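Asks: Here it is: the structure, laid out below.
The values are calculated or read from the model by the stated rules, or taken from the named source; none is laboratory data. Model, not experiment: these values are computed from the prediction. Using ideal geometry, Cβ is built from the backbone for each residue, glycine included, and neighbour counts are taken over all protein chains shown.
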Amino acid sequence: IYREEHNLTFPDLLMQLRLEASWFQFHLGITRYGLYPRYSPAIDQLLHDMQNFNTISADYSQDEKALLGACDCTQIVKPSGVHLKLALRFQDFGKAMFKPMRQNREEETPEDVFYFVDFQRHNAEIAAFHLDRILDFRRVPPVTGRLINVTKEILEVTKNEILQSVFFISPASNVCFFAKCPYMCKTEYAVCGNPHLLEGSLSAFLPSLNLAPRLSVPNPWIRSYTFSGKEE
């Protein structure tokens with residue numbers, strides 16, 4: 001109907017939908033001074049869309065660099081990173097990185113647990129975005145929370161056979177899945193819905209490096225991921 005009303009061919013339709021998409025408006029607003037203008041209506045719309053739009057595909061996120069647009073993770077599967085992350089694509093063709101909730105907010109990590117085997121907290125991603133926005137740095141990509149139906153919005157839309165193969169039903173009749181990565185990626189570290197719904201954070205992808213070339217600056221506070229030795 002939209003095509004007929006606007007007399008659009010399919011390529012024209014895709015371009016029109018892209019121009020109207022909140023994630024594309026977010027990309028257009030990126031400057032060297034911040035990822036979005038101080039008063040950007042596109043950001044609030046993007047957060048709303050990430051919370052409500054249907055997912056059309058799901059795949060493993062290659063690694064943390066996927067968030068920076070270093071690869072097209074709808075086609076690439078690489079077991080890397082230390083925690084489970086998924087790249088989700090929405091009905092408006094926008095992409096976001098989904099990090100599931102692994103433990104309750106009030107749970108504290110024991111002092112004897114190494115930080116790199118501790119569960120990353122999805123709500124920390126959300127808090128970082130809002131704190132960065134309040135402090136007016138505007139350097140953190142938009143992040144929001146969402147309840148994901150892991151069956152309908154991940155399992156049924158993914159074309160990745162590896163991801164499909166790691167879904168199972170728990171003894172409590174919940175739908176669970178795990179990842180393929182060096183750490184925290186065994187059945188005992190699976191994430192589970194209740195029975196299908198799973199809370200998590202969604203971080204908007206930046207433009208690909210092909211469209212927006214940029215320098216990657218190493219983290220000056222990087223930490224070692226081994227039990228012995230430290231970074232310089």
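Asks: Given the structure, is Arg138 out of contact with any Asp or Glu (no Cβ under 6 Å at 6 or more places or on another chain), of a type in the set (Lys, Arg) and not in a loop (DSSP other than H, G, I, E, B)? Outline the logic, then answer.
Replies: Working: out of contact with any Asp or Glu (no Cβ under 6 Å at 6 or more places or on another chain): yes; of a type in the set (Lys, Arg): yes; not in a loop (DSSP other than H, G, I, E, B): no.
Against the criterion (out of contact with any Asp or Glu (no Cβ under 6 Å at 6 or more places or on another chain), of a type in the set (Lys, Arg) and not in a loop (DSSP other than H, G, I, E, B)), Arg138 does not qualify.
Asks: Then there is this: Every residue in region 28-67 that is modelled with pLDDT of 95 or more, part of a helix (DSSP H, G or I) and within 11 Å of the chain's Cα centre (by Cα), please.
Replies: Met50 - this is the single residue of region 28-67 that is modelled with pLDDT of 95 or more, part of a helix (DSSP H, G or I) and within 11 Å of the chain's Cα centre (by Cα).
Asks: Checking the structure you have, find out if any residue of region 213-226 is modelled with pLDDT of 85 or more and surrounded by 11 or more Cβ atoms within 10 Å (Cβ to Cβ).
Replies: Yes, region 213-226 has at least one match.
Asks: Now for a separate question. Here are the criteria: (1) touching an Asp or Glu at 6+ places or on another chain (Cβ under 6 Å); (2) loosely packed, with under 12 Cβ neighbours inside 10 Å; (3) not charged (D, E, K, R). Tell me which single one Thr109 does not satisfy.
Replies: If we test Thr109 against (1) touching an Asp or Glu at 6+ places or on another chain (Cβ under 6 Å); (2) loosely packed, with under 12 Cβ neighbours inside 10 Å; (3) not charged (D, E, K, R), just (2) comes out false.
Asks: For Ala204, indicate whether it is in contact with a Leu (Cβ under 9 Å, 6 or more places away or on another chain) and at pLDDT 95 or above.
Replies: Details: in contact with a Leu (Cβ under 9 Å, 6 or more places away or on another chain): yes; at pLDDT 95 or above: yes.
So Ala204 fits the description; yes.
Asks: Output yes when any residue across region 68-75 is at pLDDT 85 or above and surrounded by 18 or more Cβ atoms within 10 Å (Cβ to Cβ), and no when none is.
Replies: Just the residues of region 68-75 that are at pLDDT 85 or above, to begin with: none.
The answer is no; no qualifying residue exists.
Asks: Something else about it: Identify the single condition in (1) touching a Ser or Thr at 6+ places or on another chain (Cβ under 9 Å); (2) over 30 Å from Arg38 (Cα atoms); (3) surrounded by fewer than 18 Cβ atoms within 10 Å (Cβ to Cβ); (4) not β-branched (Val, Ile, Thr) that Ala124 does not satisfy, given that it satisfies every other one.
Replies: (2)
Asks: Cβ-Cβ below 7 Å, separation at least six or inter-chain, first residue in region 119-140 and within 16 Å of Ile43 (Cα to Cα), second of a type in the set (A, V, I, L, M, F, W, C) and assigned to a loop (DSSP other than H, G, I, E, B): which pairs?
Replies: The qualifying pairs are Ala128/Val140; Phe129/Val140; Asp132/Val140; Arg138/Leu35; Arg139/Leu35.
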